[in-house]
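One structure below.
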Amino acid sequence: MLGAGRMGREILRVLAEDGGAGLRLGGLWVRRSDPAGDHELAQLVSAAGADISPDTDLEAVLATADVAVDFTLPTATADVLAVAVATGTPLVCGVTGHEESGVEALRAAARRIPLFHARNMSPGIAVLARLLREAGELLGPGYAAVIDERHHAGKRDAPSGTALMLGETLAGVRPDLEPGADPLPGGARGR
């Protein structure tokens, strides 16, 4: 497990509470000087069946992993990709907010290791994207489209990876739209 933010901790909770449904936490990598000082995190990692103390070295964590799950930050992606490629570790990446260079680095790594990257892994969002694609095709350019998102105060990337993905989905079936462009006359925003 790479990262112990909101998603990382949620995954650790599932592993601790449900016994991981056959999955085992091999290690945790966080970019902190003293991850063991975070008592909640230490309890989650222990309950998930791992030891937090030796897992501060990214290469050591990935060298023994069957697969790495990355919910860190875009600033860590280059390091994560370099080590995953060097160790041949398959990677599931849920990191959002990449610049184009980060996206290209993911594409390059995917040519060398098994890599799955999604800006949102929720089944509900997958269904929403499918419905949005269908609505865009059926309604066409006679209808304005606005994606308005709301998040918790601690959200680091805005617009979120989910909003960008939904905009790209709609633009894929509506050539008259550009992701991020305001489709309403005079820049008026619909709610």
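The values are calculated or read from the model by the stated rules, or taken from the named source; none is laboratory data. Since this is a predicted model, take the numbers as computed values, not measurements. Glycine also receives a Cβ, built like all others from the backbone with ideal geometry; neighbour counts cover every protein chain displayed. Side chains included, ligands, DNA and RNA excluded: accessible areas come from the protein's heavy atoms. Shrake-Rupley method; radii C 1.70, N 1.55, O 1.52, S 1.80 Å.
Which residues, counting only those in the range 115-156, are open to solvent by less than 100 Å² (accessible area, probe 1.4 Å), under 13 Å from residue 7 (Cβ atoms) and within 16 Å of the chain's Cα centre (by Cα)?
Of everything in the range 115-156, those that are open to solvent by less than 100 Å² (accessible area, probe 1.4 Å), under 13 Å from residue 7 (Cβ atoms) and within 16 Å of the chain's Cα centre (by Cα) turn out to be 118, 119, 120, 121, 122, 154, 155.
Between a residue in the range 113-131 that is within 13 Å of residue 161 (Cα to Cα) and any residue that is buried (at least 16 other Cβ atoms within 10 Å of the Cβ) and at pLDDT 90 or above, which pairs come within a Cβ distance under 7 Å, given they are 6 or more apart or on different chains?
Short answer, once both residue conditions are applied: 117/93; 117/106; 118/94; 121/94.
Being within 27 Å of residue 163 (Cα to Cα) and crowded, with 19+ Cβ neighbours inside 10 Å is the filter here; which residues of the range 70-97 pass it?
Once the filter is applied, which keeps residues that are within 27 Å of residue 163 (Cα to Cα) and crowded, with 19+ Cβ neighbours inside 10 Å, the range 70-97 yields 70, 71, 72, 77, 80, 81, 91, 93, 94, 95, 96.
Take the residues in the range 60-69 that are out of contact with any Ser or Thr (no Cβ under 8 Å at 6 or more places or on another chain) and assigned to a helix (DSSP H, G or I); name whichever of them is surrounded by the most Cβ atoms within 10 Å (Cβ to Cβ).
61
Hey, among the residues in the range 121-170 that are of a type in the set (Val, Ile, Thr) and touching a Lys or Arg at 6+ places or on another chain (Cβ under 7 Å), which one's nearest to residue 74 (Cα to Cα)?
Within the range 121-170, the match that is nearest to residue 74 (Cα to Cα) is 162.
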